[in-house]
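*Asks:* Questions regarding the structure given below will be posed in turn.
The values are calculated or read from the model by the stated rules, or taken from the named source; none is laboratory data. Please read all numbers here as calculations on a predicted model, not as lab measurements. Positions of Cβ are generated from backbone atoms using ideal geometry, with glycine treated the same way; all protein chains shown enter the neighbour counts.
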Amino acid sequence: MISLNITSQVLLAKHVSAAMAEQGHGRILITSSLSALTPTPYESIYGPTRAFMLRFAQGLREEM
C-alpha cells in the first residue's frame, strides 16, 4: 500500500514536474482523502499515506 499510495505518486510527480519546468508551466493534481485528516479504525497505514500525499502536494506547490 505504501508503494502504491506514496512511491508511485512521488515518482510520477517528479517525472511530470521536470517536463513542466522545461515548458515553464503546467499543473499536477494529487488526490488525497479525509483519512489524511482524521484517524480511522483499521486504516493505520492508509490514513498516514494519504496525509503524506497531502503534505507532499503542499510542499511541491511551494517549490514550484
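*Asks:* Can you tell me which residue in region 1-17 is surrounded by the most Cβ atoms within 10 Å (Cβ to Cβ), limited to those that are at pLDDT 90 or above and not polar (S, T, N, Q)? Before the answer, list the steps.
*Replies:* Residues of region 1-17 at pLDDT 90 or above: 6-17.
Those left that are additionally not polar (S, T, N, Q): 6, 10-16.
Numbers: I6: 16, V10: 15, L11: 10, L12: 12, A13: 18, K14: 10, H15: 10, V16: 13.
Only one residue fits best here, namely A13.
*Asks:* Ok, one more. Could you count how many residues in region 39-64 are over 19 Å from S3 (Cα atoms) and either surrounded by fewer than 10 Cβ atoms within 10 Å (Cβ to Cβ) or touching a Phe, Trp or Tyr at 6+ places or on another chain (Cβ under 6 Å) (or both)?
*Replies:* 3
*Asks:* Quick one: how many residues across region 1-26 are touching a residue at least 12 places away in the same chain (Cβ under 8 Å) and of a type in the set (S, T, Y)?
*Replies:* Total satisfying the criteria: 1.
*Asks:* Look through region 21-64, keep the residues that are aromatic (F, W, Y) and in contact with a helix residue (DSSP H, G or I) (Cβ under 8 Å, 6 or more places away or on another chain), and return whichever of them is farthest from L11 (Cα to Cα).
*Replies:* Step by step, filter region 21-64, then rank; the result is Y46.
*Asks:* Return a yes/no flag: does region 45-54 have any residue that is among the aromatic types (F, W, Y) and part of a helix (DSSP H, G or I).
*Replies:* So far as region 45-54 goes, yes, one or more of its residues are among the aromatic types (F, W, Y) and part of a helix (DSSP H, G or I).
*Asks:* Based on what the data block shows, is A18 of a type in the set (A, V, I, L, M) and in contact with a Leu (Cβ under 9 Å, 6 or more places away or on another chain)?
*Replies:* Numbers: of a type in the set (A, V, I, L, M): yes; in contact with a Leu (Cβ under 9 Å, 6 or more places away or on another chain): no.
In short, no.
*Asks:* Of everything in region 26-44, what is modelled with pLDDT under 90 and closer than 17 Å to E62 by Cβ? Give them in sequence order.
*Replies:* S32
*Asks:* Just need a number here: residues in region 18-36 that are surrounded by 12 or more Cβ atoms within 10 Å (Cβ to Cβ) and in a loop (DSSP other than H, G, I, E, B).
*Replies:* Residues in region 18-36 being surrounded by 12 or more Cβ atoms within 10 Å (Cβ to Cβ) and in a loop (DSSP other than H, G, I, E, B): 5 in total.
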